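Undergrad: If you scroll down you'll find the structure; I have some questions about it.
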Amino acid sequence: QTSLTVHSRQQRRERTHARIKSSLLQLMSEKSFEDITVTELAQEAGINRKTFYKHYHDTMAVLDEIE
């Protein structure tokens, strides 16, 4: 692997995390955290559930990273 490949993967990972976190904040402005599902969060972020689970264990893990 070249450092460029590793760098681009890291950038993609950071963009995905940013989209998930901003989507969670958006959903939290509309409803309570307890009512937000992984499916709904992934849909809001424009990713599939499998991608979500590659990055986070659950919605609480996303909230912990935001805080």
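Undergrad: Would you be able to tell me the number of residues in segment 11-21 that are closer than 23 Å to residue 67 by Cβ and exposed (fewer than 13 other Cβ atoms within 10 Å of the Cβ)?
TA: Number satisfying all stated conditions: 4.
Residues checked against (1) free of Cβ contacts under 8 Å to residues at least 40 places away in the same chain; (2) open to solvent by 70 Å² or more (accessible area, probe 1.4 Å):
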position	(1), (2)
5	yes, no
9	yes, yes
23	yes, no
27	yes, no
33	yes, no
42	yes, no
47	yes, no
62	no, no
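The values are calculated or read from the model by the stated rules, or taken from the named source; none is laboratory data. Note that the structure is predicted; figures quoted are calculated from it, not measured. No Cβ is skipped: glycine too gets one built from the backbone with ideal geometry, and neighbour counts run over all protein chains shown. Ligands, DNA and RNA are excluded from the accessible area calculation, which covers all protein heavy atoms including side chains. Shrake-Rupley method; radii C 1.70, N 1.55, O 1.52, S 1.80 Å.
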